[in-house]
Amino acid sequence: MKYSFVTILFLALSLHLGYGQDQILPVPSNQPSPAQQKQIARKYGMFIHFGINTFHDQEWTDGSKPASSYRPTAIDADQWIKTAKDAGMKYVILVAKHHEGFCLWDSKLT
């Protein structure tokens, strides 16, 4: 009897937690959203994906690379920005957290 009660309670809580949250669903559109329009207006820019994979000469990894292999020694970020400006780029986006979970720096959220 006790087992049945615990099972029912667990299922009820699971359903409540799973279905009680508002979901944000994509809305199909033939027109760009305001946020997309702002990005389009920025035109030409650069994304910098600099992280642990840089030191393994790999584009994609599964998050199993050791953090100790992230060893930047001589980074010239000013040169990166100068190159972007010289190429006519209007913005630079530095990817701080990558798909494999590696973050360039810790925060309260990582």
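Miscellaneous remarks
- The residues in the stretch 13-34 that are surrounded by 10 or more Cβ atoms within 10 Å (Cβ to Cβ) and at pLDDT below 85 can be counted, and the count is 4.
- Hits in the stretch 88-110 - residues which are among the aliphatic types (A, V, I, L, M), within 28 Å of Lys43 (Cα to Cα) and without any contact (Cβ under 8 Å) to a residue 24 or more places away in the chain: Ala96
- For the stretch 67-76, the set of residues classified as open to solvent by less than 70 Å² (accessible area, probe 1.4 Å) and within 19 Å of the chain's Cα centre (by Cα) consists of Tyr70 only.
- Matching option when the condition is assigned to a helix (DSSP H, G or I), under 27 Å from Asp106 (Cβ atoms), modelled with pLDDT of 85 or more and open to solvent by 80 Å² or more (accessible area, probe 1.4 Å), among Gln37, Gln79: Gln79
- Matching residues in the stretch 82-110 - criterion: being open to solvent by 70 Å² or more (accessible area, probe 1.4 Å), at pLDDT below 85, assigned to a loop (DSSP other than H, G, I, E, B) and under 24 Å from Gln39 (Cα atoms): His99
The values are calculated or read from the model by the stated rules, or taken from the named source; none is laboratory data. Keep in mind that this is a model prediction, so the values were computed, not measured. Quick reminder, even Gly has a Cβ in these numbers, built from the backbone with ideal geometry, and neighbours come from all protein chains shown. Accessible surface is based on the protein model in full, side chains and every heavy atom, while ligands, DNA and RNA are left aside. Shrake-Rupley method; radii C 1.70, N 1.55, O 1.52, S 1.80 Å.
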